[in-house]
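Chemist: I'd like to ask you about the structure that follows.
Values quoted throughout were computed directly from the atomic coordinates according to the rules given, and no laboratory measurement underlies them. None of these values were measured; they are calculated from a predicted model. Because the Cβ atoms are built from the backbone with ideal geometry, glycine has one as well, and the counts that use them run over all protein chains shown.
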Amino acid sequence: MDFDGKTILVTGSTRGIGAAVAELFLRRGGSVILHGRKQEQLDAALARLPNSTARASGIAADLADPAQCRALAQSISELDVLVNCAGIFRESSIGETTLDLWNETIAVNVSAPWVLSQALLPALRRRQGVIVNVGSDAAVLGYAGCVAYCAAKGALVGLTRALATELAPDVRALCVCPGPTETDMMQASVATAPDPEAARRQWASYPLLGRVAAPAEIAEAIVFAASPGARYLTGSIIMADGGASAGKRV
Ligand SMILES: NC(=O)c1ccc[n+]([C@@H]2O[C@H](COP(=O)([O-])OP(=O)(O)OC[C@H]3O[C@@H](n4cnc5c(N)ncnc54)[C@H](OP(=O)(O)O)[C@@H]3O)[C@@H](O)[C@H]2O)c1
């Protein structure tokens with residue numbers, strides 16, 4: 001069990017990819033701190049976990065607020081792995097993007113990982129820890145209609161490389177970039193499209209593998225990045241996108 005005796009914080013683990021990550025770390029022997037905005041959602045996520053709940057706990061914080069990010073970090077004394085998975089995706093063209101939408105997207109997707117990494121650094125250094133940021137294929141591909149999200153995920157890749165450079169060899173930092181994945185985030189995008197079925201087919205057509213991912217498939221890549229098997233990887237950008245960013249068959 002790679003994570004026996006290890007403590008892992010997974011932000012945004014009430015559902016979606018983060019919930020699958022939390023579950024996989026628990027199966028691999030870790031003690032996991034789940035996180036989401038609201039205590040009720042956290043309690044429901046904890047109740048859904050199979051068997052290993054003795055090693056699972058939860059802390060609520062709204063990561064759009066830097067003060068709540070710092071309070072979350074201050075409530076954790078020992079940490080081996082920080083997974084910055086919480087994220088928001090708001091569709092909006094360049095012309096329609098308001099400053100509020102821009103600021104909220106940057107706050108949750110980039111500023112929170114930075115504040116948490118900074119505040120939890122002493123704990124991570126003590127344990128030769130790992131930071132895994134959850135990016136997106138939108139970090140390296142332009143998607144029409146989500147300018148703030150593309151900018152935020154691109155910045156998260158830059159943050160990851162800077163952290164890796166400054167913190168080596170004590171703390172590793174990596175970014176796992178999922179492609180389209182079957183979660184509430186993707187379902188919300190499909191549901192608001194003019195033709196939801198066409199939108200679903202379109203998402204599935206981007207990856208070379210011809211389908212969207214299951215959250216558990218992305219969790220495998222994230223847990224690998226944090227594992228001893230990845231001990232020679234730092235600053236790596238792991239594209240877990242079914243080949244969406246690798247190329248196009250023409
Ligand atoms: N799904 C995809 O197709 C896809 C593709 C590429 C990258 N990603 C990235 O993968 C990560 C997980 O996405 P997902 O699809 O699993 O998303 P999701 O199903 O929408 O879940 C988002 C999680 O983030 C938390 N969260 C959102 N805003 C927050 C805030 N202000 N403060 C604290 N927590 C907040 C949510 O907690 P609450 O319960 O409090 O709402 C929830 O646990 C994100 O970083 C996303 O950008 C997803």
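Chemist: Taking the Cα centre of the chain as origin and charging only Cβ (+1 Lys, Arg; -1 Asp, Glu), how large is the dipole, in debye to the nearest 20? Display every interim value, and only then the final one.
Modeler: Values: 22 positive and 23 negative charges, 118 e Å.
So the dipole magnitude of the chain works out to roughly 560 debye.
Chemist: Which percent of Cα-Cα pairs in the chain sits in each 10 Å bin, short to long?
Modeler: Reading the bins upward from 0: 8, 32, 38, 18, 3, 0.
Chemist: What is the gain in length, in nm to one decimal, between ASP4 and ARG125 on full extension, counting 0.36 nm per residue of separation less the C-alpha to C-alpha distance? Each step should come with its number before you reach the end.
Modeler: Values: separation 121, 0.36 × 121 = 43.56 nm, distance 1.85 nm.
That pair, ASP4 and ARG125, stretches by 41.7 nm at full extension.
Chemist: Over the stretch 91-168, how many percent of alpha carbon pairs lie in each 10 Å bin up to the one with the longest distance?
Modeler: Computed distribution, short to long bins: 19, 44, 25, 10, 1.
Chemist: OK, next. Using the C-alpha gyration tensor of the stretch 25-67, what are the square roots of 5 times its eigenvalues, in whole angstrom, with the largest one first? Don't skip to the answer; put the middle values down first.
Modeler: Numbers: eigenvalues 91, 28, 8 Å².
Values for the stretch 25-67, descending: 21, 12, 6 Å.
Chemist: If neighbour count is taken as other Cβ atoms inside 10 Å, put ASP241, ASP2 in order from fewest to most.
Modeler: Values: ASP241 28, ASP2 14.
Fewest-to-most Cβ neighbours within 10 Å comes out as ASP2, ASP241.
Chemist: Another question, if that's okay. Rounded to the nearest 10 degrees, what's the angle between the helix 215-226 long axis and the longest principal axis of the chain, both from Cα atoms, 0 to 90?
Modeler: 50 degrees
Chemist: Mind sorting MET1, MET186 by how few other Cβ atoms lie within 10 Å of their own Cβ, fewest first?
Modeler: Working: MET1 9, MET186 18.
The most exposed by this proxy come first: MET1, MET186.
Chemist: Using only Cα atoms, locate the centre of the stretch 1-29 and the centre of the stretch 70-94, then give the distance between them in Å, rounded to an integer.
Modeler: Measuring centre to centre over Cα atoms gives 14 Å.
Chemist: Further question on the same structure: Return the equivalent ellipsoid semi-axes of the stretch 128-220 as a descending list in whole Å, where each equals the square root of 5 times an eigenvalue of the C-alpha gyration tensor. Numbers along the way, then the final one.
Modeler: Numbers: eigenvalues 172, 43, 20 Å².
In descending order, the three semi-axes are 29, 15, 10 Å.
Chemist: Here is a further query. Given the alpha-carbon gyration tensor of the stretch 1-108, what are the semi-axes of its equivalent ellipsoid in whole angstrom, ordered largest first, with each equal to the square root of 5 times an eigenvalue?
Modeler: Details: eigenvalues 156, 42, 30 Å².
Over the Cα atoms of the stretch 1-108, the ellipsoid semi-axes are 28, 15, 12 Å.
Chemist: Let me ask something else about it. Among the lysines, which fall within straight-line cross-link reach of LYS153, defined as a Cα-Cα distance under 27 Å, with same-chain neighbours fewer than 8 residues apart omitted?
Modeler: LYS38, LYS248
Chemist: Same structure again: Using the 10 angstrom Cβ neighbour count as an exposure proxy, how do TYR232, TYR143 rank, fewest first?
Modeler: On the way: TYR232 7, TYR143 15.
Least to most surrounded, the residues fall as TYR232, TYR143.
Chemist: Take every Cα-Cα distance within the stretch 67-212, group them into 10 Å bins from 0 onward, and report for each bin the whole-number percent of pairs it holds.
Modeler: 11, 36, 32, 17, 4, 0
Chemist: Right, next: Count charges around VAL130 for me, please; just the other residues with Cβ under 12 Å from its Cβ, Lys/Arg as +1, Asp/Glu as -1. Please report the intermediate quantities before stating the final value.
Modeler: Values: positive: LYS6, ARG125, ARG127, ARG172, ARG231; negative: ASP2, ASP80, ASP170.
Once all neighbours under 12 Å are counted, the net charge is +2.
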